[in-house]
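Chemist: Following this message is one structure expressed as C-alpha coordinates.
The values are calculated or read from the model by the stated rules, or taken from the named source; none is laboratory data. Quick caveat, the model's predicted, so the values are computed rather than measured. Every residue, glycine as well, gets a Cβ built from its backbone with ideal geometry; the counts of neighbours run over all protein chains shown. Just so you know, the surface numbers come from the protein's heavy atoms only, side chains and all, with ligands and any DNA or RNA stripped out. Shrake-Rupley method; radii C 1.70, N 1.55, O 1.52, S 1.80 Å.
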Amino acid sequence: AAKERGKGGLAVYDSAAHERALETLTLRRELEAAVDDGALALHYQPTVDLATGAVTGFEALVRWPHPTRGVVPPLEFIPLAEQTGLIVRLGTWVLRTAVRDAASLQSSTHRPSVAVNVSARQLVHPGFVTLVRSALADSGLAPDRLTLEVTETALLSDVEAGVTALTTLRRQGVRVAIDDFGTGYSSLSHLARLPVDVLKVDKSFVDRLEHDRDDALVSAILAMSRALRLTSVAEGVEDPGQADWLREAGCALGQGYLWSRPVELETARALLAGSPGVRLAPAG
Ligand code: C2E
Ligand code: MG
Ligand code: MG
Ligand code: MG
(Lines give C-alpha, C1' and ligand atoms only; values in the text may rest on other atoms or scores of the structure.)
(Ligands and ions follow the chains in the order given, each with its own letter.)
Protein backbone atom coordinates (compact mmCIF):
# COMPACT_ATOMS: atom_id res chain seq x y z
CA ALA A 1 0.00 0.00 0.00
CA ALA A 2 2.93 2.33 0.75
CA LYS A 3 4.04 2.14 -2.86
CA GLU A 4 0.57 2.95 -4.23
CA ARG A 5 0.55 6.21 -2.34
CA GLY A 6 3.69 7.42 -4.13
CA LYS A 7 7.15 8.32 -2.93
CA GLY A 8 8.08 10.54 0.02
CA GLY A 9 5.84 12.58 2.25
CA LEU A 10 3.54 11.93 5.16
CA ALA A 11 1.13 9.59 3.34
CA VAL A 12 3.88 7.01 2.84
CA TYR A 13 4.92 7.21 6.48
CA ASP A 14 1.33 6.87 7.73
CA SER A 15 0.68 3.97 5.44
CA ALA A 16 3.75 2.11 6.62
CA ALA A 17 2.80 2.71 10.25
CA HIS A 18 -0.71 1.51 9.50
CA GLU A 19 0.64 -1.68 7.94
CA ARG A 20 2.79 -2.34 10.95
CA ALA A 21 -0.18 -1.88 13.27
CA LEU A 22 -2.26 -4.32 11.22
CA GLU A 23 0.61 -6.77 11.16
CA THR A 24 0.89 -6.60 14.96
CA LEU A 25 -2.85 -7.16 15.33
CA THR A 26 -2.72 -10.19 13.05
CA LEU A 27 0.29 -11.62 14.87
CA ARG A 28 -1.44 -11.07 18.20
CA ARG A 29 -4.57 -12.90 17.06
CA GLU A 30 -2.55 -15.76 15.57
CA LEU A 31 -0.45 -16.07 18.72
CA GLU A 32 -3.54 -16.29 20.89
CA ALA A 33 -4.90 -19.06 18.65
CA ALA A 34 -1.54 -20.87 18.77
CA VAL A 35 -1.54 -20.78 22.59
CA ASP A 36 -5.14 -22.04 22.74
CA ASP A 37 -4.46 -24.80 20.20
CA GLY A 38 -1.29 -25.97 21.92
CA ALA A 39 0.63 -25.12 18.75
CA LEU A 40 3.75 -23.74 20.49
CA ALA A 41 6.82 -25.92 20.98
CA LEU A 42 9.61 -26.11 23.54
CA HIS A 43 13.24 -26.61 22.69
CA TYR A 44 15.82 -27.55 25.28
CA GLN A 45 19.38 -26.27 25.56
CA PRO A 46 21.77 -28.18 27.84
CA THR A 47 23.68 -26.63 30.72
CA VAL A 48 27.10 -28.21 31.09
CA ASP A 49 29.41 -28.64 34.09
CA LEU A 50 32.56 -26.80 32.97
CA ALA A 51 34.81 -29.09 35.03
CA THR A 52 33.49 -32.45 33.80
CA GLY A 53 31.58 -31.68 30.62
CA ALA A 54 28.52 -33.44 32.05
CA VAL A 55 25.04 -32.20 31.17
CA THR A 56 23.44 -30.97 34.42
CA GLY A 57 20.13 -29.78 33.00
CA PHE A 58 18.28 -27.95 30.26
CA GLU A 59 16.75 -24.54 29.68
CA ALA A 60 13.29 -24.62 28.09
CA LEU A 61 13.02 -22.10 25.23
CA VAL A 62 9.67 -21.53 23.56
CA ARG A 63 9.21 -21.62 19.77
CA TRP A 64 6.28 -20.76 17.54
CA PRO A 65 6.17 -22.92 14.42
CA HIS A 66 4.08 -20.56 12.28
CA PRO A 67 2.19 -21.93 9.24
CA THR A 68 3.59 -19.31 6.84
CA ARG A 69 6.36 -17.41 8.64
CA GLY A 70 8.48 -20.41 9.64
CA VAL A 71 9.59 -20.75 13.24
CA VAL A 72 9.09 -17.41 15.01
CA PRO A 73 11.75 -16.76 17.70
CA PRO A 74 10.61 -15.76 21.22
CA LEU A 75 12.05 -12.26 21.05
CA GLU A 76 9.45 -11.54 18.35
CA PHE A 77 6.40 -12.77 20.24
CA ILE A 78 7.14 -12.79 23.98
CA PRO A 79 7.03 -8.96 24.15
CA LEU A 80 3.70 -9.09 22.29
CA ALA A 81 2.33 -11.65 24.76
CA GLU A 82 3.57 -9.50 27.66
CA GLN A 83 1.74 -6.44 26.34
CA THR A 84 -1.59 -8.23 26.01
CA GLY A 85 -1.41 -10.33 29.16
CA LEU A 86 -1.42 -13.51 27.05
CA ILE A 87 1.95 -14.28 28.66
CA VAL A 88 0.11 -15.70 31.69
CA ARG A 89 -1.60 -18.41 29.62
CA LEU A 90 1.45 -18.92 27.42
CA GLY A 91 3.71 -19.17 30.48
CA THR A 92 1.36 -21.65 32.14
CA TRP A 93 1.67 -23.95 29.13
CA VAL A 94 5.48 -23.53 29.09
CA LEU A 95 5.82 -24.30 32.78
CA ARG A 96 3.55 -27.35 32.78
CA THR A 97 5.15 -28.76 29.62
CA ALA A 98 8.74 -28.15 30.73
CA VAL A 99 8.16 -29.70 34.16
CA ARG A 100 6.45 -32.75 32.63
CA ASP A 101 9.24 -33.16 30.06
CA ALA A 102 11.89 -32.84 32.78
CA ALA A 103 10.13 -35.51 34.83
CA SER A 104 10.37 -37.80 31.80
CA LEU A 105 14.15 -37.24 31.68
CA GLN A 106 14.76 -38.42 35.27
CA SER A 107 16.31 -41.86 35.65
CA SER A 108 18.46 -43.87 38.03
CA THR A 109 21.58 -42.39 36.41
CA HIS A 110 20.53 -38.85 35.47
CA ARG A 111 18.68 -36.15 37.40
CA PRO A 112 18.69 -33.17 35.05
CA SER A 113 17.16 -29.89 36.14
CA VAL A 114 14.97 -27.76 33.93
CA ALA A 115 15.14 -23.96 33.80
CA VAL A 116 12.00 -22.05 32.82
CA ASN A 117 11.97 -18.36 31.86
CA VAL A 118 9.36 -16.37 33.76
CA SER A 119 8.18 -12.88 32.80
CA ALA A 120 7.51 -10.19 35.41
CA ARG A 121 3.82 -10.27 34.65
CA GLN A 122 3.62 -14.03 35.33
CA LEU A 123 5.62 -13.73 38.52
CA VAL A 124 3.31 -11.15 40.07
CA HIS A 125 0.15 -12.96 38.92
CA PRO A 126 -1.76 -14.20 42.00
CA GLY A 127 -1.98 -17.78 40.68
CA PHE A 128 1.73 -18.22 40.10
CA VAL A 129 2.76 -20.07 43.27
CA THR A 130 -0.20 -22.46 42.95
CA LEU A 131 0.63 -23.08 39.30
CA VAL A 132 4.23 -24.06 40.08
CA ARG A 133 3.18 -26.29 42.95
CA SER A 134 0.54 -28.08 40.92
CA ALA A 135 2.85 -28.52 37.92
CA LEU A 136 5.40 -30.17 40.22
CA ALA A 137 2.82 -32.30 42.00
CA ASP A 138 1.19 -33.47 38.75
CA SER A 139 4.49 -34.43 37.16
CA GLY A 140 6.26 -35.83 40.21
CA LEU A 141 9.35 -33.71 39.47
CA ALA A 142 11.35 -32.91 42.61
CA PRO A 143 11.17 -29.15 43.34
CA ASP A 144 14.96 -28.84 43.38
CA ARG A 145 15.04 -29.96 39.74
CA LEU A 146 13.16 -26.80 38.71
CA THR A 147 14.87 -23.43 38.28
CA LEU A 148 12.85 -20.31 37.58
CA GLU A 149 14.77 -17.75 35.49
CA VAL A 150 13.88 -14.12 36.08
CA THR A 151 15.64 -10.98 34.90
CA GLU A 152 16.92 -8.23 37.18
CA THR A 153 14.35 -5.88 35.67
CA ALA A 154 11.51 -8.29 36.47
CA LEU A 155 12.52 -8.22 40.11
CA LEU A 156 12.99 -4.45 40.17
CA SER A 157 9.68 -3.54 38.53
CA ASP A 158 7.41 -5.09 41.16
CA VAL A 159 9.68 -6.11 43.98
CA GLU A 160 7.04 -6.98 46.58
CA ALA A 161 4.80 -9.53 44.85
CA GLY A 162 7.56 -11.14 42.78
CA VAL A 163 9.95 -11.53 45.66
CA THR A 164 7.20 -12.95 47.88
CA ALA A 165 6.30 -15.61 45.30
CA LEU A 166 9.93 -16.60 44.77
CA THR A 167 10.64 -16.72 48.50
CA THR A 168 7.65 -19.03 49.04
CA LEU A 169 8.71 -21.36 46.22
CA ARG A 170 12.37 -21.41 47.30
CA ARG A 171 11.31 -22.58 50.74
CA GLN A 172 9.87 -25.63 49.00
CA GLY A 173 13.12 -26.31 47.19
CA VAL A 174 12.55 -24.60 43.84
CA ARG A 175 15.64 -22.76 42.63
CA VAL A 176 15.78 -19.22 41.27
CA ALA A 177 18.21 -17.81 38.69
CA ILE A 178 18.87 -14.20 37.74
CA ASP A 179 18.92 -14.26 33.93
CA ASP A 180 20.99 -11.99 31.65
CA PHE A 181 22.91 -10.72 34.65
CA GLY A 182 24.85 -7.51 34.09
CA THR A 183 22.40 -5.99 31.63
CA GLY A 184 20.19 -4.45 34.35
CA TYR A 185 20.99 -2.15 37.20
CA SER A 186 21.13 -4.37 40.28
CA SER A 187 23.51 -3.15 42.90
CA LEU A 188 25.42 -5.65 44.99
CA SER A 189 23.31 -4.79 48.03
CA HIS A 190 20.09 -5.24 46.08
CA LEU A 191 21.22 -8.58 44.70
CA ALA A 192 22.17 -9.78 48.18
CA ARG A 193 18.58 -9.28 49.32
CA LEU A 194 16.97 -11.18 46.45
CA PRO A 195 15.84 -14.81 46.84
CA VAL A 196 18.30 -16.20 44.31
CA ASP A 197 20.47 -19.34 43.89
CA VAL A 198 21.96 -18.99 40.43
CA LEU A 199 23.48 -16.09 38.50
CA LYS A 200 23.52 -16.32 34.72
CA VAL A 201 26.24 -14.14 33.22
CA ASP A 202 24.81 -12.49 30.10
CA LYS A 203 26.17 -13.52 26.72
CA SER A 204 27.33 -9.95 26.01
CA PHE A 205 30.02 -10.35 28.73
CA VAL A 206 31.03 -13.81 27.55
CA ASP A 207 31.44 -12.36 24.03
CA ARG A 208 33.94 -9.81 25.33
CA LEU A 209 36.20 -12.59 26.60
CA GLU A 210 36.98 -13.32 23.00
CA HIS A 211 36.98 -9.89 21.42
CA ASP A 212 38.21 -7.23 23.83
CA ARG A 213 40.07 -9.45 26.26
CA ASP A 214 38.02 -7.44 28.70
CA ASP A 215 38.23 -10.17 31.29
CA ALA A 216 38.19 -8.04 34.44
CA LEU A 217 34.47 -7.42 34.14
CA VAL A 218 33.59 -11.11 34.01
CA SER A 219 36.03 -11.82 36.84
CA ALA A 220 34.26 -9.20 38.94
CA ILE A 221 30.83 -10.67 38.22
CA LEU A 222 32.06 -14.18 39.11
CA ALA A 223 33.66 -12.89 42.32
CA MET A 224 30.41 -11.22 43.30
CA SER A 225 28.46 -14.39 42.53
CA ARG A 226 30.87 -16.38 44.70
CA ALA A 227 30.62 -13.85 47.54
CA LEU A 228 26.84 -14.29 47.52
CA ARG A 229 27.27 -18.11 47.36
CA LEU A 230 25.45 -18.33 44.05
CA THR A 231 26.06 -20.87 41.29
CA SER A 232 27.42 -19.14 38.17
CA VAL A 233 26.29 -20.06 34.68
CA ALA A 234 27.87 -18.46 31.60
CA GLU A 235 25.43 -17.88 28.73
CA GLY A 236 26.20 -18.01 25.03
CA VAL A 237 29.55 -19.83 25.18
CA GLU A 238 30.59 -20.43 21.58
CA ASP A 239 34.25 -21.40 21.63
CA PRO A 240 36.52 -23.64 23.72
CA GLY A 241 38.76 -20.71 24.69
CA GLN A 242 35.87 -19.00 26.44
CA ALA A 243 34.94 -22.25 28.22
CA ASP A 244 38.54 -22.77 29.44
CA TRP A 245 38.81 -19.19 30.68
CA LEU A 246 35.48 -19.41 32.50
CA ARG A 247 36.34 -22.72 34.17
CA GLU A 248 39.66 -21.36 35.40
CA ALA A 249 37.92 -18.22 36.67
CA GLY A 250 35.67 -20.41 38.82
CA CYS A 251 32.49 -20.43 36.78
CA ALA A 252 30.64 -23.69 37.49
CA LEU A 253 28.37 -24.11 34.49
CA GLY A 254 28.13 -23.08 30.86
CA GLN A 255 25.52 -22.96 28.17
CA GLY A 256 25.96 -22.21 24.49
CA TYR A 257 26.36 -23.34 20.91
CA LEU A 258 29.79 -24.78 21.82
CA TRP A 259 27.92 -27.72 23.35
CA SER A 260 24.52 -27.55 21.72
CA ARG A 261 21.88 -25.29 20.29
CA PRO A 262 18.40 -25.63 21.80
CA VAL A 263 17.05 -29.00 20.56
CA GLU A 264 13.84 -31.04 20.65
CA LEU A 265 13.07 -33.14 23.71
CA GLU A 266 14.11 -36.45 22.15
CA THR A 267 17.46 -35.00 21.08
CA ALA A 268 17.90 -33.64 24.61
CA ARG A 269 17.22 -37.15 25.93
CA ALA A 270 19.95 -38.52 23.66
CA LEU A 271 22.43 -35.82 24.77
CA LEU A 272 21.75 -36.76 28.36
CA ALA A 273 22.21 -40.47 27.71
CA GLY A 274 25.64 -39.73 26.25
CA SER A 275 26.66 -37.67 29.27
CA PRO A 276 28.22 -38.88 32.56
CA GLY A 277 25.60 -39.73 35.19
CA VAL A 278 24.75 -38.46 38.68
CA ARG A 279 27.95 -39.51 40.40
CA LEU A 280 29.93 -37.13 38.19
CA ALA A 281 27.43 -34.34 37.65
CA PRO A 282 26.70 -32.06 40.60
CA ALA A 283 23.21 -30.61 40.89
CA GLY A 284 22.70 -27.46 38.91
P1 C2E B 1 17.47 -16.22 27.50
O2 C2E B 1 16.61 -16.77 28.57
O3 C2E B 1 18.63 -15.41 27.95
O4 C2E B 1 17.90 -17.47 26.63
C5 C2E B 1 19.13 -17.58 25.99
C6 C2E B 1 19.02 -17.25 24.52
O7 C2E B 1 20.31 -17.29 23.94
C8 C2E B 1 18.18 -18.26 23.71
O9 C2E B 1 17.58 -17.54 22.63
C10 C2E B 1 19.25 -19.20 23.17
O11 C2E B 1 18.85 -19.90 22.01
C12 C2E B 1 20.36 -18.22 22.88
N13 C2E B 1 21.67 -18.84 22.91
C14 C2E B 1 22.09 -19.85 23.69
N15 C2E B 1 23.39 -20.15 23.45
C16 C2E B 1 23.80 -19.30 22.48
C17 C2E B 1 25.04 -19.11 21.78
O18 C2E B 1 26.03 -19.79 22.04
N19 C2E B 1 25.08 -18.13 20.84
C20 C2E B 1 23.99 -17.36 20.54
N21 C2E B 1 24.11 -16.44 19.60
N22 C2E B 1 22.79 -17.51 21.18
C23 C2E B 1 22.71 -18.46 22.13
P24 C2E B 1 16.05 -17.71 22.27
O25 C2E B 1 15.62 -19.13 22.39
O26 C2E B 1 15.82 -17.00 20.97
O27 C2E B 1 15.33 -16.90 23.44
C28 C2E B 1 15.49 -15.53 23.58
C29 C2E B 1 14.87 -15.03 24.85
O30 C2E B 1 13.44 -15.18 24.83
C31 C2E B 1 15.31 -15.77 26.10
O32 C2E B 1 16.57 -15.29 26.51
C33 C2E B 1 14.20 -15.42 27.06
O34 C2E B 1 14.40 -14.15 27.62
C35 C2E B 1 12.99 -15.35 26.13
N36 C2E B 1 12.24 -16.60 26.24
C37 C2E B 1 12.44 -17.80 25.63
N38 C2E B 1 11.53 -18.71 26.02
C39 C2E B 1 10.72 -18.09 26.91
C40 C2E B 1 9.57 -18.50 27.68
O41 C2E B 1 9.13 -19.65 27.66
N42 C2E B 1 9.01 -17.55 28.49
C43 C2E B 1 9.49 -16.28 28.57
N44 C2E B 1 8.87 -15.41 29.40
N45 C2E B 1 10.57 -15.86 27.88
C46 C2E B 1 11.17 -16.75 27.06
MG1 MG C 1 16.84 -17.74 30.26
MG1 MG D 1 19.61 -15.63 29.61
MG1 MG E 1 20.59 -13.64 27.53
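Chemist: Quick one: which strands (runs of 3 or more DSSP E) sit completely within region 98-194 and have at least 2 residues that are of a type in the set (Phe, Trp, Tyr), open to solvent by 30 Å² or more (accessible area, probe 1.4 Å) and within 16 Å of ligand 2 (Cβ to nearest atom)?
Modeler: none
Chemist: Hey, another quick one. Select from region 44-63 the residues that are β-branched (Val, Ile, Thr) and open to solvent by 40 Å² or more (accessible area, probe 1.4 Å) and list them in ascending order.
Modeler: THR52
Chemist: Right, next: Could you tell me whether any residue of region 166-181 is in contact (Cβ under 8 Å) with a residue 12 or more places away in the chain, over 22 Å from GLY57 (Cα atoms) and away from ligand 1 (no atom under 15 Å from the Cβ)?
Modeler: Pass one, region 166-181, residues in contact (Cβ under 8 Å) with a residue 12 or more places away in the chain: 166-170, 172-181.
With over 22 Å from GLY57 (Cα atoms) added as a condition, the list becomes 167-168.
Next, from what is left, pick out any that are away from ligand 1 (no atom under 15 Å from the Cβ): 167-168.
Yes.
Chemist: Looking only at residues that are under 20 Å from the mean Cα position of the chain (by Cα) and either in a helix (DSSP H, G or I) or within 16 Å of ligand 4 (Cβ to nearest atom) (or both) in region 21-43, which one is surrounded by the most Cβ atoms within 10 Å (Cβ to Cβ)?
Modeler: Result: LEU31.
Chemist: Looking only at region 182-234, count how many residues are within 15 Å of ligand 1 (Cβ to nearest atom), closer than 23 Å to VAL114 by Cα and free of Cβ contacts under 8 Å to residues at least 12 places away in the same chain.
Modeler: Final tally of qualifying residues: 0.
Residues are listed down the side, and each one gets a yes or a no for (1) open to solvent by less than 30 Å² (accessible area, probe 1.4 Å); (2) touching a Ser or Thr at 6+ places or on another chain (Cβ under 6 Å):
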site: SER232; (1), (2): yes, yes
site: VAL237; (1), (2): yes, no
site: GLY241; (1), (2): no, no
site: GLU248; (1), (2): no, no
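Chemist: Further, regarding this structure: Of everything in region 223-248, what is outside any helix (DSSP H, G or I) and either under 20 Å from ARG175 (Cβ atoms) or modelled with pLDDT of 95 or more (or both)? Give them in sequence order.
Modeler: Applying the first criterion (outside any helix (DSSP H, G or I)) to region 223-248 yields 228-239.
Of everything in region 223-248, those that are outside any helix (DSSP H, G or I) and either under 20 Å from ARG175 (Cβ atoms) or modelled with pLDDT of 95 or more (or both) turn out to be LEU228, ARG229, LEU230, THR231, SER232, VAL233, ALA234, GLU235, GLY236, VAL237, GLU238.
Chemist: Among all residue pairs at least 6 apart or on different chains, which show Cβ distances below 6 Å where the first residue, located in region 87-111, is within 13 Å of LEU146 (Cα to Cα) and the second is surrounded by fewer than 17 Cβ atoms within 10 Å (Cβ to Cβ)?
Modeler: ALA103/GLY140; ARG111/VAL278
Chemist: Right, next: Out of the residues in region 64-75 that are open to solvent by 60 Å² or more (accessible area, probe 1.4 Å) and over 15 Å from VAL35 (Cα atoms), which is farthest from ligand 3 (Cβ to nearest atom)?
Modeler: Selected residue: THR68.
Chemist: Mind listing whichever residues of region 217-230 are open to solvent by 60 Å² or more (accessible area, probe 1.4 Å) and out of contact with any strand residue (DSSP E or B) (no Cβ under 9 Å at 6 or more places or on another chain)?
Modeler: Of the residues in region 217-230, the ones open to solvent by 60 Å² or more (accessible area, probe 1.4 Å) are 217, 226-227, 229.
Residues satisfying the conditions are LEU217, ALA227, ARG229.
Chemist: On the given criteria, is GLY85 touching a helix residue (DSSP H, G or I) at 6+ places or on another chain (Cβ under 9 Å), of a type outside the set (Val, Ile, Thr) and farther than 17 Å from LEU265 by Cα? Talk me through it step by step, then tell me what you get.
Modeler: Numbers: touching a helix residue (DSSP H, G or I) at 6+ places or on another chain (Cβ under 9 Å): yes; of a type outside the set (Val, Ile, Thr): yes; farther than 17 Å from LEU265 by Cα: yes.
Judged against the criteria, GLY85 is a match.
Chemist: Just checking, does region 48-63 include any residue being at pLDDT 95 or above and within 20 Å of THR26 (Cβ to Cβ)?
Modeler: Checked against the condition, which is being at pLDDT 95 or above and within 20 Å of THR26 (Cβ to Cβ), region 48-63 yields at least one hit.
Chemist: On the basis of being within 16 Å of ligand 4 (Cβ to nearest atom), of a type outside the set (A, V, I, L, M) and either assigned to a helix (DSSP H, G or I) or under 19 Å from the mean Cα position of the chain (by Cα) (or both), does ARG208 make the cut? Spell out the reasoning first.
Modeler: On the way: within 16 Å of ligand 4 (Cβ to nearest atom): yes; of a type outside the set (A, V, I, L, M): yes; either assigned to a helix (DSSP H, G or I) or under 19 Å from the mean Cα position of the chain (by Cα) (or both): yes.
Answer is yes for this residue.
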